[in-house]
Structure formats: C-alpha cells, structure tokens
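Structure first, commentary second.
The values are calculated or read from the model by the stated rules, or taken from the named source; none is laboratory data. Only a predicted model underlies this, so the values are computations on that prediction, with no experimental measurement involved. All Cβ positions, even for glycine, are placed from backbone atoms using ideal geometry, and neighbour counts span all protein chains on display.
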Amino acid sequence: MADALAWVPPNVDLTTPSAARAYDALLGGAHNFEVDRAFARKAEKVFPGVAVSCQANRAFLRRVVQFLMRNGVRQFLDIGSGIPTVGNVHEVAQAIDPACRVAYVDNEAVAVAHSDLILQDNDNATIVQADVREPESILEAPEVRRLLDFDQPVAVLMLALLHFVPDSDDPAALVAPYRDALIPGSYLAITHATGDSRPTEMRALEKLYATSSNPAVARTTQWITGLFGDWELVEPGAAYVPEWQPDNHVDLPSHPEHYIFFGGLARKPTLPAVS
Ligand SMILES: C[S@@+](CC[C@H](N)C(=O)[O-])C[C@H]1O[C@@H](n2cnc3c(N)ncnc32)[C@H](O)[C@@H]1O
C-alpha cells in the first residue's frame, strides 16, 4: 500500500487542481485527485475535444523523439515533462537505444515524485525539480550536467509548457538561453496552446485555468512559430500537432486547426564558415 501511494508527496495541495494532474486525468492516467478529475470534466465541457488534443500532443512527442533518434540525437532535456504516462521520452528513445540519456524537469510535486519512482533503476534518466523560468537552475543542475554532454547535440523539449508562463515573465525571451546553451545540430521542440480557430472556447478554457494552480495563456500560431528564432524548422514546419509528420495520412483529422496544440521541431543551424 505504501508503494501504491508513493507518488503522493507530503504537503501536496488536494484542494486546487494542477495542470500536471489535470493533464494526467485528461489522458486517462491514475496520478490525479478528484479535484483534478472534476477540473478535467469542466475543461472538456468548455472546450470540447481537449482530451483528444492532449492525446494528439503525446503522439506528437512520440513522433518527434522517433525523428530525433533517426537523426542521431541521443540526449534529451524534457522541460515541463509532466506526470509520467504512456510513451515517455526515455521509453520511446531507450527502446531504440538503451544508452540514450534523458533529463526530465518539472516544478510540480506529483510529477517529480512519480518520475523519481519510475526512474529509480534507470541510470540514464533523471528528474530535476526546477522552474523553466530559471534557465540556470536547469542548465547548470548537477544531475542534468551528469547526464547530458552539452558539447554534443541535445534535444530540448518544451511541450504544452510555455502557455503556463505569463507575459510578465516574457516566455519568448526565456527560450533564448536554452537555444544558446546548445551546439549546432541540436534541436528544440515546442508545442503551445492556441485559440486562433476557436477564440470563444479558448477564452472559457483560460478562465477555467485561472482557477487552477497554473493559469494558462493561449497565444497565436504566429507568436508560437517565432519561438524557434532563426533555427531551421523540420518539415512540415510549425503546424497543429496532428499535421506534424503523421504516421499516416488516412487518420488525419479533417480540422487539425480545432486542436489546441500548435508547434514544431527546429534544428540549430551550423555557423557559417569564416572566410
Ligand atoms: C500539460 S503538462 C505537459 C506534459 C508533457 N510535456 C507533454 O507534453 O505531454 C505541462 C507540465 O508543465 C509543468 N509546468 C508548468 N509550469 C512550469 C514551470 N514554470 N516550470 C516547469 N514546469 C512547469 C506542469 O507541472 C506540467 O507537468
């Protein structure tokens, strides 16, 4: 029984929903409380299809990691990694090459406790409790430095994360130190909530998230694309998540723009040769 509850850290607030636990509830996971499940039900009501959007975001994660593996990347820094669920980065990557190294980062207690639990026998993966708004606390964390060699390509993943960073913390500017820490040939994957095609429902969803521990701000697809700076976007470029390198075109939804998450994967260009 103690093991069954080892993912519940002490002093966790059971009265306010958290983004990590609500996302787990929307994905059908088991590491959430009634307050999170009630929140997930309300989210689905104000923005029908929110659960399907979350599943599509997870499928995007899998396809991105598989693409990166095919292209020689063996190191991953997954920020805002969430509560481990099906198809975590280390599972997808280490199924192809067990030597892959994965550092997870999240600032939510349940996400960190449960990650700790499932990673305890995995020498090539770790979780660090830190805030994306403090890049140094992540990029210089001893556990991150132990696992990841920044003289080799690293893929930084920020999936379904930056809408939790308010404008007052300048999310566009805070991506820069992460991009700067990587060598050419490294990658950055981002997905972010947008309400471009469903503004009224998205406003209702934002209003709901304002009552949680993680208020969220949807942003335009144009703004989201700008987060990649001058990096080279991998085909098909920035897109709604179902459209990004789908497994097959038969199952593509007729309205991918009705999904919440928009993003892409970009490669840091090689510096031009000095003549
Ligand atoms: C919606 S989940 C996404 C999980 C995973 N990245 C995915 O796409 O499947 C967002 C995660 O970001 C975390 N998060 C929110 N704000 C954060 C911050 N300022 N620093 C680090 N993590 C944060 C939440 O705790 C949550 O686990």
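Here are some notes:
- Of all the listed residues (20, 51), the sole one being modelled with pLDDT under 95 and either more than 28 Å from residue 183 (Cβ to Cβ) or more than 15 Å from the ligand (Cβ to nearest atom) (or both) is 20.
- Filter pass, residue 81 being in a loop (DSSP other than H, G, I, E, B) and either within 12 Å of the ligand (Cβ to nearest atom) or in contact (Cβ under 8 Å) with a residue 60 or more places away in the chain (or both): yes
- Selection status of residue 103, modelled with pLDDT of 95 or more, more than 9 Å from the ligand (Cβ to nearest atom) and part of a strand (DSSP E or B): yes
- Test: residue in region 54-76 that is more than 10 Å from the ligand (Cβ to nearest atom), part of a strand (DSSP E or B) and modelled with pLDDT of 95 or more: yes
- Subset tally (residues that are surrounded by 23 or more Cβ atoms within 10 Å (Cβ to Cβ), among the small types (Gly, Ala, Ser) and closer than 17 Å to residue 130 by Cβ) for region 161-199: 0
- Total residues in region 197-207, condition away from the ligand (no atom under 14 Å from the Cβ) and either touching an Asp or Glu at 6+ places or on another chain (Cβ under 7 Å) or aliphatic (A, V, I, L, M) (or both): 3
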